[in-house]
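Engineer: Can you read through this structure? Questions will come right after.
The values are calculated or read from the model by the stated rules, or taken from the named source; none is laboratory data. On a predicted model such as this, the values are computed, not experimentally measured, just so you know. Glycine also receives a Cβ, built like all others from the backbone with ideal geometry; neighbour counts cover every protein chain displayed.
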Amino acid sequence: MLGPFLKLNNGLKCPQFAYGSYMINRSKCFDSVYAALQCGYRHIDSAQMYFNEGDCGRAILQFMKDTGTKREDIWFTSKLNNLAGYSATLKSIDSSVKACGLGYIDLFLLHSPYGDRLGSWKALEEAVETGKIRAIGVSNFGPHHIQQLLDHHPKIVPCVNQIELHPFCSQSKVVEYCQAKGIALAAYAPLAHGEKFGNKQLIGIANKYNKTEAQIMIRFLLQRGYIVLPKSSTPSRIKGNGEVFDFELSKDEMDTLYNLDEDYHSDWNPCVSSL
């Protein structure tokens, strides 16, 4: 397995290094997920909005069959479509569990704060109680969104908030709030879709370690204590993204990378939504 586990606030151990399947072409998803598993990834991230829960699940099941890997040794994350609500979420969870074919989902997130998030959260809690889901969390939630959930005294506190994080997007207010509440951070778009490659400081650190800029960005996020979700459908890059556990960035290098922050979002940012 690539990388360590991160202990969530419900006691479960989640693989910190994950394969993100966002925008992976459906025709390549099965092969890409299988390749990631072959490289040692043990956490696969999907979503209803990606329309690939079935592809991810089939790849996981095939890998389990081919290698004898147990279901409990692979962590599968998915996310609820936006604007659901209580009743729709109950049905939606069943659809996701059926689509992936894995028997249960390890981590299920509200994909955004939009819609009836309180009703949806209640449905997620019930799914944990019935064993359909092991852990629940949120994605793209700002502090005010999470606080609203907490103010309603939920049975289960979110385990994870998955947001865009990389050296050019620190989201410090969201991170500090979540850390104070014991909520783990998961970093999507950890490479900013490659839009910030070429930065002099980033290149300098990469050259020192004979690593790529992508590997430095991933290593930075891992050392920050985040779950990291790099994505690629290119086998060599899938493998290369995982070659980040044979070196460690110094404190000065971590500070240099953290100071690159310019609140640069390469994707959407519902965290700031007033809804």
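Engineer: State all residues of the stretch 23-47 that are touching a helix residue (DSSP H, G or I) at 6+ places or on another chain (Cβ under 6 Å) and either of a type in the set (Phe, Trp, Tyr) or assigned to a helix (DSSP H, G or I) (or both); if no residue qualifies, say none. Walk me through how you get there before you give the answer.
Structural biologist: Pass one, the stretch 23-47, residues touching a helix residue (DSSP H, G or I) at 6+ places or on another chain (Cβ under 6 Å): 24, 29-30, 33-37, 39, 44, 46.
Selection gives Cys29, Phe30, Val33, Tyr34, Ala35, Ala36, Leu37.
Engineer: Oh, and also: Among what's in the stretch 232-247 and is surrounded by 18 or more Cβ atoms within 10 Å (Cβ to Cβ) and among the hydrophobic types (A, V, I, L, M, F, W, C), pick the residue that is nearest to Lys28 (Cα to Cα).
Structural biologist: That would be Ile238.
Engineer: For the list (1) in a helix (DSSP H, G or I); (2) within 20 Å of the chain's Cα centre (by Cα), I need the number of the one condition that Leu149 fails.
Structural biologist: The one condition Leu149 does not meet is (2).
Engineer: Going through Leu80, Leu107 one at a time, which residue ends up being crowded, with 16+ Cβ neighbours inside 10 Å and either touching a Cys at 6+ places or on another chain (Cβ under 9 Å) or farther than 19 Å from Val138 by Cβ (or both)?
Structural biologist: On inspection, the qualifying residue turns out to be Leu107.
Engineer: Now, a different point. Test Ser112 against the stated conditions and say whether it is surrounded by 17 or more Cβ atoms within 10 Å (Cβ to Cβ), part of a loop (DSSP other than H, G, I, E, B) and either at pLDDT 95 or above or touching a strand residue (DSSP E or B) at 6+ places or on another chain (Cβ under 7 Å) (or both). So that I can check it myself, show each step before the final result.
Structural biologist: Numbers: surrounded by 17 or more Cβ atoms within 10 Å (Cβ to Cβ): yes; part of a loop (DSSP other than H, G, I, E, B): yes; either at pLDDT 95 or above or touching a strand residue (DSSP E or B) at 6+ places or on another chain (Cβ under 7 Å) (or both): yes.
So Ser112 fits the description; yes.
Engineer: Select from the stretch 72-120 the residues that are within 11 Å of Ser46 (Cα to Cα) and touching a helix residue (DSSP H, G or I) at 6+ places or on another chain (Cβ under 7 Å) and list them in ascending order.
Structural biologist: Phe76, Ser78, Lys79, Leu80, Ser96, Cys100, Ile105, Phe108, His111
Engineer: Right, something else. Output the residues belonging to the stretch 4-22 that are of a type outside the set (S, T, N, Q), in contact with a helix residue (DSSP H, G or I) (Cβ under 7 Å, 6 or more places away or on another chain) and assigned to a loop (DSSP other than H, G, I, E, B).
Structural biologist: Once the filter is applied, which keeps residues that are of a type outside the set (S, T, N, Q), in contact with a helix residue (DSSP H, G or I) (Cβ under 7 Å, 6 or more places away or on another chain) and assigned to a loop (DSSP other than H, G, I, E, B), the stretch 4-22 yields only Tyr22.
Engineer: Write out, first by first residue and then by second, each pair whose Cβ atoms fall under 7 Å of each other, whose residues are 6+ apart or on separate chains, and whose first residue, in the stretch 33-49, is over 19 Å from Ala99 (Cα atoms) and in contact (Cβ under 8 Å) with a residue 12 or more places away in the chain while the second is among the hydroxyl-bearing types (Ser, Thr, Tyr) and crowded, with 24+ Cβ neighbours inside 10 Å.
Structural biologist: Final answer for the pair search is Ala36/Tyr19; Tyr41/Tyr19.
Engineer: Filter the stretch 164-193 down to the residues that are within 19 Å of Leu107 (Cβ to Cβ), out of contact with any Pro (no Cβ under 7 Å at 6 or more places or on another chain) and touching a residue at least 24 places away in the same chain (Cβ under 8 Å) and list them by number.
Structural biologist: Within the stretch 164-193, Glu164, Cys178, Lys181, Gly182, Ala184, Leu185, Ala186, Ala187, Tyr188, Ala189 meet the criteria.
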